[in-house]
Structures are given as C-alpha cells and as structure tokens.
Amino acid sequence: MSGEPLAKKDLSPKFSKILNKLNAVSDRKQMHLLLDHPWDAPTEGVWLKKRENLSIYGTPYYDLATEEEKQRLSLYETGCWWHTFVVFENLVTEYYMKIINHESLRAFPDVVKYMHHFCREEITHAMVFKKAMTHFGIKPYPVPDNLKDFYKDNASIAEFPLKAIYMTILIEWFAENNALIDCNNDFVSPLSRAIAVEHHKEEARHIEWGKNMIREFMHQVPGFLEEAKEYSAPWMRGLLDMATTNPETYDRVGFNDPAFADYEALFESVIFCENRQQINRKIMDPILRFFIEIGVYDPAYHDIWEAARFGDDIRAALASFDKGKVEELDNVMSVKYNVS
Ligand SMILES: [Fe+2]
Ligand SMILES: [Fe+2]
C-alpha cells in the first residue's frame, strides 16, 4: 500500500445511503464477547456441523468411518474453520487499520467510519472463535504460508488497495456461506449454530460494504477489472478445495480403517464427490452472480471458468441472473437461518 490518497469524488447516492445505514446499524448493536452466545451449552459428544456437510459424506469413506470418528470430524473440521477465522480476521484488522492510519481514504470519511466499525467487529469475532475453540478443547492449527502472507502479497497496488478489499470480501463471503450451510439444523450444537448466526449478522454487512466498495471504485483503479477477470476463478477454486481437505484435520480424527491412510485418494474422492459439488454450488451461486454483474465474468474469458471447474455453475448463474434485480441491502441484511 503506497502512493497518493484517492482523489475526492462524490460517492454515488446509492453507496452514500448504504454507508449511512451500515454505520447506523453498527452504532446501534455490535457482538458482545460474553452475552450473545450460549456459552453454557454442553461440549461432550456434540456435533459442530451437520453430518451431510462432513467432507467424507457421499464418498465411500463415509461408511468406513465409525460414528465417533464422524463426530470428531465435525469437531475438527469446524474447529479448523474457526481457527482460520481467528487468523484471517486478525490480519484484516491489522491491514484495515493500516489503511485508516495512512489516510488513503481520507476523502471519504463515511467509508473510514465504517472501517472503524468493521475492525471493532472483527476483533470481537476473533475473540469469540478463539473462546469457542477453547470451549471445545480444539488446539490451534498450523497456518498456511499463503494465509500468513495474504496482505503482503495482495496489497501492493499503488494508490488504492482495491484488490485486497476485493479478495477480502470474497474470502468472507464464501466462508460465511459455508458456515451457515454447515450449521442450519437442530442436530448441530446450539453454541456452534449461534456462533455462525451471530457472526453472519455482522459479516453480511461487511460483505455488503465490500461489494459496494468494488462497484464504486473498480473503474478508478487501472487494471483492476482486467486482472480480476483472470485470477478470480482459479483463486476461488483453490480456496474451495483447500477448505474442504485438510491433512491435519484427518490426522486429529485418527481414522481406524486403513483406507484413510492414502490422503491423495481420500482428497480426490472428497473434492470430486457429487455432494461436495452441490454444497459448493450453493456457496458460490451468489458470488458468481456478483461476478457476472460487475463484469469479472467475461464471456471472452470463459475458458478460465471451465478450467477452474465452474463451467456448469456459471451457466446456471447466467440463466438465473437478472440485471434489474441486483441484490439490495435489505435482502442481504435479513439474516437467513435456513440456507438450504
Ligand atoms: Fe468476522
Ligand atoms: Fe468480516
């Protein structure tokens, strides 16, 4: 992040209205570390995600695992997500505070005001996820290098770090969709569900802010769109696959059946099974429609989407996409508990 602050321009009336609303909602109520979750919920033998969303569900491995192993898998797969949230949300906070302190956005005080709310919210989220890990006795996971260096690698755009904001909301968005789908039934621990739902109330606003930052500024940052057309599809596919298969998670479960020892075969089976593809389609559908809306999906680059295994999904998104009905703030902010 370097160079001149972005020159003043009038924000569009739509974005100004959204910013006012976002700031007003965050002023009114933000997550509380102590009061917003059922911390007295039981811990023994509970499931932290539903069984249909276990990575091995729908593969031959599912029948080879015992019931206890499946329950532990629900614990460690969710714990791995929580730990990733702890690391990533700390990084986002550091980075956005740096943007605020460097005054790159001083021409837009309402944007900066919202970024303060954003950071305050992420600090609490990271504390809640950490507390939840302790509650269920889940130890931290190793942090992948590409996550550690995320803002070092993606924030070097001169003048205005729009690429880092864009990649941040994509991570937040896909992680949120995943978390809600994982937890939306009564089988799952009420604490795990509350963690997902309470987080989503604030993340829905972060995502809405990020989407509108992109809409507002994408044509002012030279090269942003052209570059995004090329990296978005393979990068999103990498995120989805990486989030689905984690050797550390399987190590911790310690499956008894020898078939689990061959991780290469296990990962292949998990990533390409029909159940996972359906879950990924639900996660990606709103994101793909955003790509279509802002022109990150460009038919001239369609081969990139096919190569990243989004061919069918993008065709389905194109068929249902209606430019006259771009999602409005109110729709996104009404928390949907049943994302099925
Ligand atoms: Fe968060
Ligand atoms: Fe967030």
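Conditions (1) out of contact with any helix residue (DSSP H, G or I) (no Cβ under 6 Å at 6 or more places or on another chain); (2) surrounded by 13 or more Cβ atoms within 10 Å (Cβ to Cβ); (3) at pLDDT below 95; (4) more than 28 Å from I214 (Cα to Cα), marked per residue:
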| residue | (1), (2), (3), (4) |
| --- | --- |
| M1 | yes, yes, yes, no |
| W47 | no, yes, no, yes |
| K70 | yes, yes, no, yes |
| L75 | yes, yes, no, yes |
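Which residues, taken from the stretch 240-295, are β-branched (V, I, T) and in contact with a Cys (Cβ under 7 Å, 6 or more places away or on another chain)?
Keep residues of the stretch 240-295 that are β-branched (V, I, T), which gives 244-245, 249, 253, 270-271, 279, 283, 287, 292, 294.
Across the stretch 240-295, the qualifying residue is only T249.
For the stretch 149-163, check the following and say yes or no: at least one residue is more than 24 Å from R237 (Cα to Cα), away from ligand 2 (no atom under 12 Å from the Cβ) and of a type in the set (K, R). Steps first, answer last, please.
Just the residues of the stretch 149-163 that are more than 24 Å from R237 (Cα to Cα), to begin with: 158-160.
Of the ones still in play, those that are also away from ligand 2 (no atom under 12 Å from the Cβ) are 158-160.
Now drop any that are not of a type in the set (K, R), which leaves none.
No: zero hits.
Pick out the one residue from P222, P190 that is more than 16 Å from ligand 2 (Cβ to nearest atom) and over 25 Å from T124 (Cα atoms).
P222
Somewhere in the stretch 181-193, is a residue within 15 Å of ligand 1 (Cβ to nearest atom) and either part of a helix (DSSP H, G or I) or surrounded by 20 or more Cβ atoms within 10 Å (Cβ to Cβ) (or both)?
Keep residues of the stretch 181-193 that are within 15 Å of ligand 1 (Cβ to nearest atom), which gives none.
No; the residues of the stretch 181-193 include none that is within 15 Å of ligand 1 (Cβ to nearest atom) and either part of a helix (DSSP H, G or I) or surrounded by 20 or more Cβ atoms within 10 Å (Cβ to Cβ) (or both).
Return only the number of the condition from (1) away from ligand 1 (no atom under 11 Å from the Cβ); (2) under 23 Å from F224 (Cβ atoms) that F118 does not satisfy.
Unmet condition: (1).
Hey, among the residues in the stretch 211-225 that are of a type in the set (A, V, I, L, M) and modelled with pLDDT of 95 or more, which one's surrounded by the fewest Cβ atoms within 10 Å (Cβ to Cβ)?
Of all residues in the stretch 211-225, those of a type in the set (A, V, I, L, M) come to 213-214, 218, 221, 225.
From what is left, the residues that are modelled with pLDDT of 95 or more are 213-214, 225.
Details: M213: 22, I214: 22, L225: 16.
Among them, the one singled out is L225.
Among E103, E69, which is the only one that is over 23 Å from the mean Cα position of the chain (by Cα) and closer than 30 Å to W47 by Cβ?
Values: E103 fails: closer than 30 Å to W47 by Cβ.
After applying the criteria, what remains is E69.
Go through the stretch 194-215 and report how many residues are touching a Lys or Arg at 6+ places or on another chain (Cβ under 9 Å) and away from ligand 1 (no atom under 15 Å from the Cβ).
Matching residues across the stretch 194-215 total 2.
When you scan the stretch 28-137 for helices (runs of 4 or more DSSP H) that lie fully inside it, which ones turn up with 3 or more residues that are more than 25 Å from L240 (Cα to Cα)?
On the way: elements: 61-64, 67-102, 109-135.
The qualifying helices (runs of 4 or more DSSP H) are 67-102, 109-135.
If I ask for residues that are over 23 Å from V197 (Cα atoms) and under 16 Å from the mean Cα position of the chain (by Cα), which ones from the stretch 119-147 would you list?
N146, L147
Looking only at residues in the stretch 232-267 that are surrounded by 15 or more Cβ atoms within 10 Å (Cβ to Cβ) and among the hydroxyl-bearing types (S, T, Y), which one is farthest from F290 (Cα to Cα)?
That would be Y250.
Report, ordered by the first and then the second residue, all pairs with beta carbons closer than 6 Å, sequence separation of six or more or different chains, a first member in the stretch 86-99 that is touching a residue at least 40 places away in the same chain (Cβ under 8 Å) and over 15 Å from K163 (Cα atoms), and a second member that is within 11 Å of ligand 1 (Cβ to nearest atom) and charged (D, E, K, R).
Going by the 6 Å Cβ cut-off, the qualifying pairs are E89/E122.
Can you say whether D313 is of a type in the set (D, E) and surrounded by fewer than 17 Cβ atoms within 10 Å (Cβ to Cβ), as far as the supplied structure shows?
Values: of a type in the set (D, E): yes; surrounded by fewer than 17 Cβ atoms within 10 Å (Cβ to Cβ): no.
Against the criterion (of a type in the set (D, E) and surrounded by fewer than 17 Cβ atoms within 10 Å (Cβ to Cβ)), D313 does not qualify.
From (1) under 27 Å from D27 (Cα atoms); (2) within 16 Å of ligand 1 (Cβ to nearest atom); (3) not charged (D, E, K, R), pick out the condition that doesn't hold for F160.
Only one criterion is unmet by F160, namely (2).
Is it the case that some residue within the stretch 142-154 is in contact with a Gly (Cβ under 6 Å, 6 or more places away or on another chain) and surrounded by 20 or more Cβ atoms within 10 Å (Cβ to Cβ)?
Here is the first cut: in the stretch 142-154, the ones in contact with a Gly (Cβ under 6 Å, 6 or more places away or on another chain) are none.
Scanning the stretch 142-154, I find no residue that is in contact with a Gly (Cβ under 6 Å, 6 or more places away or on another chain) and surrounded by 20 or more Cβ atoms within 10 Å (Cβ to Cβ), so the answer is no.
Do we have F272 as within 24 Å of the chain's Cα centre (by Cα) and surrounded by fewer than 15 Cβ atoms within 10 Å (Cβ to Cβ) here?
Yes: the conditions hold for F272.
Could we say that I138 is in contact (Cβ under 8 Å) with a residue 40 or more places away in the chain, farther than 26 Å from F291 by Cα and within 16 Å of ligand 2 (Cβ to nearest atom) here? Working first, answer last.
On the way: in contact (Cβ under 8 Å) with a residue 40 or more places away in the chain: yes; farther than 26 Å from F291 by Cα: yes; within 16 Å of ligand 2 (Cβ to nearest atom): no.
No, not satisfied.
Name the residue, out of E203, E208, that is in contact with a Leu (Cβ under 9 Å, 6 or more places away or on another chain), of a type in the set (D, E) and surrounded by 20 or more Cβ atoms within 10 Å (Cβ to Cβ). Spell out the reasoning first.
Details: E203 fails: in contact with a Leu (Cβ under 9 Å, 6 or more places away or on another chain).
Matching residue, one of E203, E208: E208.
The values are calculated or read from the model by the stated rules, or taken from the named source; none is laboratory data. Everything quoted here is computed from the prediction, not taken from an experiment. Note that we place each Cβ from the backbone using ideal geometry, even for glycine, and neighbour counts take in every protein chain shown.
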